[in-house]
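Okay, structure first, notes after.
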Amino acid sequence: MALSEHYLEEDVHPIDLVEHLAEHHDWEFDRIGDDQISMAVEGQWRTYSVTLAWSGYDETLRMICTFEMDPPEGKEPQLYELLNKMNDQCWAGAFTYWAEQKLMVYRYGLVLAGGQIAGPEQVDTLINAAVLSAERYYPAIQLAIWGGRSAEDAMQVAIAEAYGRA
């Protein structure tokens, strides 16, 4: 059965839909509230924390995909140069680093204004794209921050799409 067949005639809350997808993929998840869910999605390099939150006020489904990262002191300039290069290659979503929380973050907001609804395939693609983007750039981050390579050199490992499962 296609992911969308279950929802053809129902008006489903976006977070209910995400919960169904998490169950479908057998991801560990925690329904934090009516408008927020957090899950663990295993990649090749890491297990990523993926959180989706619904804001009815601005009709946006916000997704953040994070993993812990604590770069050595003094490496922030290299990290931010690399982040700029990574974001230049991202068509949807963007990376940022939350220094206080020591988290690398990929985030995306899906605007559903005017009563639009997100389909399960759309949300599934959103989550998978986030994990695949994190997987794609993880080796570049390692090379630039801990391997002492330039951002340009480190990005060479991210030229090809990542393979694996999300």
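Scanning the stretch 56-71 for residues that are of a type in the set (Ser, Thr, Tyr) and loosely packed, with under 15 Cβ neighbours inside 10 Å yields a single hit, Tyr57.
All conditions but one from (1) open to solvent by 60 Å² or more (accessible area, probe 1.4 Å); (2) under 18 Å from His24 (Cα atoms); (3) more than 11 Å from the chain's Cα centre (by Cα) apply to Trp146; the one that does not is (2).
Tell me, which residue of the stretch 79-101 that is within 19 Å of Asp153 (Cβ to Cβ) and polar (S, T, N, Q) is modelled with the lowest pLDDT? Walk me through how you get there before you give the answer.
Of all residues in the stretch 79-101, those within 19 Å of Asp153 (Cβ to Cβ) come to 79-89, 95.
Now restrict to residues that are polar (S, T, N, Q): 84, 87, 89.
On the way: Asn84: 96, Asn87: 96, Gln89: 91.
Among residues in the stretch 79-101 that are within 19 Å of Asp153 (Cβ to Cβ) and polar (S, T, N, Q), the one modelled with the lowest pLDDT is Gln89.
Evaluating Ala2 against the criteria (1) surrounded by 15 or more Cβ atoms within 10 Å (Cβ to Cβ); (2) modelled with pLDDT under 90 leaves one unmet condition, (1).
The single condition from (1) in a loop (DSSP other than H, G, I, E, B); (2) of a type outside the set (Phe, Trp, Tyr); (3) closer than 18 Å to Ser150 by Cα that Leu82 fails is (1). When Phe29, Phe95 are checked against the criterion of being among the hydrophobic types (A, V, I, L, M, F, W, C), open to solvent by 30 Å² or more (accessible area, probe 1.4 Å) and either part of a strand (DSSP E or B) or on the phi > 0 side of the Ramachandran plot (or both), a single residue qualifies: Phe29.
Of all residue pairs spaced 6 or more apart or on separate chains, those with beta-carbon atoms under 7 Å, a first member in the stretch 33-52 that is open to solvent by less than 20 Å² (accessible area, probe 1.4 Å) and a second member that is assigned to a loop (DSSP other than H, G, I, E, B) are Met39/Trp27; Val41/Trp27; Val41/Ala166; Gly43/Gly164; Gly43/Ala166.
Leu126 meets the conditions (1) touching a residue at least 60 places away in the same chain (Cβ under 8 Å); (2) surrounded by fewer than 18 Cβ atoms within 10 Å (Cβ to Cβ) in every case but one. The failed one is (2).
The values are calculated or read from the model by the stated rules, or taken from the named source; none is laboratory data. Small disclaimer: the values here were computed from a predicted structure and weren't measured. Cβ sites come from the backbone with ideal geometry, for glycine too, and all protein chains shown count toward neighbours. Just the protein is used for accessible areas: all its heavy atoms, side chains included, with ligands, DNA and RNA removed. Shrake-Rupley method; radii C 1.70, N 1.55, O 1.52, S 1.80 Å.
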